[in-house]
Amino acid sequence: MAFCYVPFALLLLLLREVRWTRQLLLQCLAIAVALAVVFAGVGFVEYSRKALFLNPKVVAANQYDNYFRVNSLFFDPNIYGRFLALVMIAVTTAVLTRAHEPNDPRRRRDVLLGGAVLAWLLAGLVTSFSQSSIAALLLGLAVLAAWQWDVRGTVYASGALVALAVAVVLIAPPSLHFGLKGSGGSTSNATSGRTKLIEGGLELFVKRPLQGYGSGSFEVEYKRHSQTSAENATSASHTIPVTVAAEQGLPGLALYLALLISAVVVLFRGAARAPPRIALAACFAALVLHTWTYADFLEDPFSWTLLAIGMALARQLPSTRQPHAVGDAPSGVALRQ
């Protein structure tokens, strides 16, 4: 409450009242890109030195895994990967809109620069070995593809790629270390224990479907019901809906679903008319998927920031007619910039 919910709620109230002009949005994007580039550079240094600056748990895990994960200046590789994925989605939106700018001599330069940034950040994301972050990035890119080209074609292409990925994982030899085959191969091993956590969380929910076990109780109750040692206990199921269901029961789960539905309506309705809004919507979709495969929804300031700016733009765009505001040019040129 003290470190996340109260200050982030105040952040949402403040950001919601800001008048988000095109210039301000570009300045914020530039800061986020600069931070992501620096963080990725730090990650490359860690990978080359095979030494991390933070988190002794990841340091210990790297000694036994077949690959080396970096977390840059973040405490967790998955949160590092989430940050890079969200910035990449925003940069991709900028590149797509800039590529369609007519008669601008700087268009080619800007698109090439954006492509170079995306390549740099993608390399950083790969070194994090965050499966959840890669999945989130792909979902965000799918949203952008549906906006830029065709919804039905994007759905078909995404379904085909998912089916192909599942087939590759199922038939892959043990030497690729996907965790499904070989000694100790299982879905739990392939998902770093996620399936066991989900099963345990669902068992807790079934036992107390109405009232749950209370806020922050997952670690204690999971340990008590599954007879897990203190070293292996976890603070969450790494799947936010399961954690909410186990701790808050049906009332909490209903509130969580209501929040998601409201956020999707606000962020996506009319977003196709303005690239900044579709970027926010794609980032939010990616973030939600990441919380379903990792954790930290309302504990992440990105969630509150995306919602706040999305609400502000949704309220601002219909009545905005002043120069330099997002979405005022009739031709749509300002929107695509």
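Residues in segment 107-142 that are within 22 Å of residue 295 (Cβ to Cβ), part of a helix (DSSP H, G or I) and of a type outside the set (Gly, Ala, Ser): how many? I'd like the intermediate steps shown before the answer.
Of segment 107-142, the ones within 22 Å of residue 295 (Cβ to Cβ) are 124-140.
Those still in the list that are part of a helix (DSSP H, G or I) too: 124-128, 131-140.
Add one more test, that the residue is of a type outside the set (Gly, Ala, Ser), and what stays is 125-127, 131, 134, 137-139.
The total comes to 8.
For the criterion of being part of a loop (DSSP other than H, G, I, E, B), modelled with pLDDT under 85, of a type outside the set (Gly, Ala, Ser) and in contact with a helix residue (DSSP H, G or I) (Cβ under 7 Å, 6 or more places away or on another chain), residue 234 passes. Being without any contact (Cβ under 8 Å) to a residue 24 or more places away in the chain, of a type outside the set (Val, Ile, Thr) and in a helix (DSSP H, G or I), is that true of even one residue in segment 93-106? Yes, some residue in segment 93-106 is without any contact (Cβ under 8 Å) to a residue 24 or more places away in the chain, of a type outside the set (Val, Ile, Thr) and in a helix (DSSP H, G or I). If we scan segment 246-260, do we find a residue that is surrounded by fewer than 15 Cβ atoms within 10 Å (Cβ to Cβ) and of a type in the set (Ser, Thr, Tyr)? Checking segment 246-260: not a single residue is surrounded by fewer than 15 Cβ atoms within 10 Å (Cβ to Cβ) and of a type in the set (Ser, Thr, Tyr). Filtering segment 148-165 to residues that are within 22 Å of the chain's Cα centre (by Cα) and either touching a residue at least 12 places away in the same chain (Cβ under 8 Å) or open to solvent by 80 Å² or more (accessible area, probe 1.4 Å) (or both) leaves 148, 151, 154, 155, 157, 158, 161, 162.
In this structure, residue 254 does not satisfy being modelled with pLDDT under 90 and assigned to a helix (DSSP H, G or I).
If you take the residues of segment 267-278 that are open to solvent by 50 Å² or more (accessible area, probe 1.4 Å) and assigned to a helix (DSSP H, G or I), which of them is modelled with the lowest pLDDT?
273
Out of (1) at pLDDT 90 or above; (2) part of a loop (DSSP other than H, G, I, E, B), the odd one out for residue 181 is which? Every condition holds for residue 181 apart from (1).
Scanning segment 18-51 for residues that are surrounded by 11 or more Cβ atoms within 10 Å (Cβ to Cβ) and assigned to a loop (DSSP other than H, G, I, E, B) yields 18, 19, 20, 51.
From the residues in segment 52-68 that are part of a helix (DSSP H, G or I) and under 26 Å from residue 297 (Cβ atoms), which one is least open to solvent (accessible area, probe 1.4 Å)? That would be 58.
Of everything in segment 69-92 that is touching a residue at least 40 places away in the same chain (Cβ under 8 Å) and over 15 Å from the mean Cα position of the chain (by Cα), the residue that is surrounded by the fewest Cβ atoms within 10 Å (Cβ to Cβ) is 69.
The values are calculated or read from the model by the stated rules, or taken from the named source; none is laboratory data. This is a predicted model, so every value here is computed, not measured. Here the Cβ is made from the backbone with ideal geometry for all residues, glycine too, and neighbour counts use every protein chain on show. When the accessible area is computed, the model is the full protein with side chains, heavy atoms only, and any ligands, DNA or RNA have been set aside. Shrake-Rupley method; radii C 1.70, N 1.55, O 1.52, S 1.80 Å.
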